[in-house]
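Note sheet for the following structure.
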Amino acid sequence: MSQELWDQEAATFDDEPDHGLADEHTRAAWRDLLLGVLPPSGRVADLGCGTGTLSRLLVDEGFTVDGVDFSPEMVRRARLKVPESQFVVADAARPPLEVGAYDVVLSRHVLWAMTDPEAAVARWVDLLAPGGTLVLVEGHWMTGAGLRAAEAEAIVRTARSEAVVRQLPEPVFWGKDITDERYLLVSRA
């Protein structure tokens, strides 16, 4: 999708339950899911941050978050939502962030859209401090777009030795029943 299209999508992006996390049960489910795989604190690179919803959630839990999105309108909204964080307009495949400075690299529904996902993951891993955690939320949607978990795992294993997948079929994460594949992938080494 083009930058202009994402700019147009920004106005209604948070309307989806898993994007805006306005429902307290959905927000709590995402909070518990992420806190279950993240270190207790640290610095997070939120790549493809959209309107900053996950950034807000993590800042509220004591993390320091820097966000990257290639849509200026998404970044504008993220800056309003999370004024204490830094957000930059840039390509998530080539984030202009400090190498080796992050405890966590987080990306939700972004890897599938990369033209060279292996190169993107290699750059994302470079952002991590020793012992850092890569956290991806991805899916293979009923439209045919996306990555199956096995594909995402293989991509991550080109840069790291570990990749653990947890399927996310529970409606609480999405605000509805789903029939497609959605999952969390965590790599700590």
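Taken together, the values in this text are just the output of simple stated rules run on the coordinates, not laboratory data. Quick caveat: nothing in here was measured; it's all calculated off a predicted structure. In this analysis, Cβ positions are derived from the backbone assuming ideal geometry, glycine residues included, and neighbour counts consider all displayed protein chains.
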Task: Backbone N within the range 20-64 under 17 Å of label point (7 Å from VAL89 Cα along the Cβ vector) - done: 48-52
- [ ] Report the residue, chosen from ARG166, ARG43, ARG31, that carries the largest GNM mean-square fluctuation when the chain is represented by alpha-carbon nodes joined by springs under 10 Å.
- [x] ARG166
Open item on the list: How would TRP124, TRP141 line up from fewest to most surrounding beta-carbon atoms within 10 angstrom?
Closed with: TRP141, TRP124
Open item on the list: Relative to 2.2 N^0.38 Å, what does the C-alpha radius of gyration of the chain come to as a ratio? Two decimals please.
Closed with: 0.93
Open item on the list: Only counting other Cβ atoms within 10 Å, I'd like MET142, MET74, MET114 sorted with the fewest neighbours first.
Closed with: MET142, MET114, MET74
- [ ] Would you calculate, for the chain, the mean residue ellipticity at 222 nm contributed by helices, counting each DSSP H stretch of 4 or more residues as -39,500 (n - 2.57) and dividing by all residues, to the nearest 500?
- [x] -9500 deg cm²/dmol
Open item on the list: If a paramagnetic tag sat 7 Å from the Cα of GLU61 along the Cα-Cβ line, which residues of the range 1-28 would have the backbone N under 19 Å from that point?
Closed with: 17-28
Task: Net length gained if the chain between THR115 and ALA150 were fully extended (0.36 nm per residue, minus Cα distance) - done: 10.8 nm
- [ ] Pop out the ³J(HN,Hα) list for the range 119-128 in order, Karplus 6.51 cos²θ - 1.76 cosθ + 1.60 with θ = phi - 60°, rounded to Hz; leave Gly and Pro as x.
- [x] 5, 4, 4, 4, 5, 5, 5, 4, 6, 6
TODO: Output ³J(HN,Hα) for the range 25-39: one whole-Hz value per residue in order, computed from phi by the Karplus curve 6.51 cos²θ - 1.76 cosθ + 1.60 with θ = phi - 60°, and x for Gly and Pro.
DONE: 6, 5, 4, 5, 5, 5, 4, 5, 4, 5, 5, x, 10, 8, x
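On a full-extension model of 0.36 nm per residue, what is the gain between ASP180 and VAL164, subtracting their alpha-carbon distance, rounded to one decimal in nm?
3.8 nm
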Open item on the list: If I model a spin label at ALA122 and ALA22 as a point 7 Å from the Cα along the Cα→Cβ vector, what separation in nanometres do I get?
Closed with: 4.3
Task: Interchain or long-range residues, amide H under 5 Å from VAL105's placed H - done: ALA45, THR133, LEU134, VAL135
- [ ] Return, ordered by residue number, the residues of the range 83-105 whose backbone nitrogen is under 16 Å from a label point located 7 Å along Cα→Cβ of ARG188.
- [x] 103-105
